[in-house]
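Inspection log for the structure reproduced underneath, given as structure tokens.
The values are calculated or read from the model by the stated rules, or taken from the named source; none is laboratory data. As the structure is a computational prediction, the values presented were derived from the model and not from experiment. No Cβ is skipped: glycine too gets one built from the backbone with ideal geometry, and neighbour counts run over all protein chains shown. The area values use the complete protein model at the heavy-atom level, side chains included, leaving out ligands, DNA and RNA. Shrake-Rupley method; radii C 1.70, N 1.55, O 1.52, S 1.80 Å.
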Amino acid sequence: MDALNEAILTRGKGIGSDIVKVDSFLNHRIDVALATRMGQAFHDAFADAQVDLILTVESSGIATAITTAQAFGNIPVVFAKKGDPATMDPNAYTAQVYSFTHKKLNCVRVSRQYLEKGMRVLIIDDFLANGEAVEGLRNILEQAGCECVGAGICVEKGFQPGGAKLREQGIKVVSLAIVDAIEDGHIILRNQD
């Protein structure tokens with residue numbers, strides 16, 4: 001997606017050889033116009049999938065999940081919660097997800113009441129590195145008897161194995177931007193034309 005690629009190149013920063021810092025527009029401060037365009041791009045990519053619900057992990061994927069849900073005609077968004085809040089259903093669906101960014105294993109939870117058997121669900125996330133978040137959310141969907149119709153990713157780190165692994169499993173993965181490398185602080189994007 002041209003607008004996202006341009007934002008990454010002009011406002012993003014490469015840190016070391018594996019960190020893509022895009023918090024000025026994607027996952028700390030939100031560029032709402034860009035997020036809206038990304039939501040529409042995900043809708044266009046999955047328009048034939050008959051999506052009933054959008055699923056993401058708290059918290060960085062929520063903004064794009066909402067704009068995607070709006071593009072689908074205001075369908076519901078559910079986000080898997082990290083930790084164990086006192087208000088959470090004790091019988092919630094759970095999965096273990098390792099966060100590449102935070103270098104931490106999280107137990108993510110979704111209340112059973114929000115996932116109905118047979119729902120067709122689109123996963124949306126801000127980053128794809130090793131594929132842990134998508135695999136954890138797919139596990140939750142399997143527990144609930146829902147169908148994962150694919151994963152929409154804002155930024156894929158093409159130099160890490162997650163995207164290839166998920167695609168090899170037959171999952172439709174649509175990444176709006178793919179970073180092939182970080183060299184001397186410069187982000188190298190893949191041409192997806």
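Residues that are open to solvent by less than 100 Å² (accessible area, probe 1.4 Å), assigned to a loop (DSSP other than H, G, I, E, B) and either polar (S, T, N, Q) or touching a residue at least 24 places away in the same chain (Cβ under 8 Å) (or both) within segment 81-90 comprise Gly83, Asp89, listed in sequence order. Just name the residue that is modelled with the lowest pLDDT out of those in segment 20-58 that are among the polar types (S, T, N, Q) and closer than 30 Å to Met119 by Cα. Among those residues, the one meeting the criterion is Asn27. Looking across segment 67-76 at every residue that is in contact (Cβ under 8 Å) with a residue 24 or more places away in the chain and closer than 19 Å to Ala33 by Cα, the one that is most open to solvent (accessible area, probe 1.4 Å) is identified as Gln70. Name the single residue, out of those in segment 24-59 being farther than 19 Å from Gln192 by Cβ, more than 15 Å from the chain's Cα centre (by Cα) and among the acidic types (Asp, Glu), that is least open to solvent (accessible area, probe 1.4 Å). Here the answer is Asp31.
Residue-level check: of (1) in contact (Cβ under 8 Å) with a residue 40 or more places away in the chain; (2) more than 26 Å from Ala47 (Cα to Cα); (3) open to solvent by 90 Å² or more (accessible area, probe 1.4 Å), Thr94 misses just (3). Being open to solvent by 40 Å² or more (accessible area, probe 1.4 Å), under 27 Å from Leu34 (Cα atoms), free of Cβ contacts under 8 Å to residues at least 40 places away in the same chain and among the small types (Gly, Ala, Ser) is a property that Ala151 lacks. Checking each residue in segment 110-148 for being under 16 Å from Tyr98 (Cβ atoms), of a type in the set (D, E, K, R) and open to solvent by 20 Å² or more (accessible area, probe 1.4 Å) picks out Glu132, Glu135, Arg138. Just one of (1) under 19 Å from Leu176 (Cβ atoms); (2) at pLDDT below 95; (3) hydroxyl-bearing (Ser, Thr, Tyr) fails for Ser17. It is (1).
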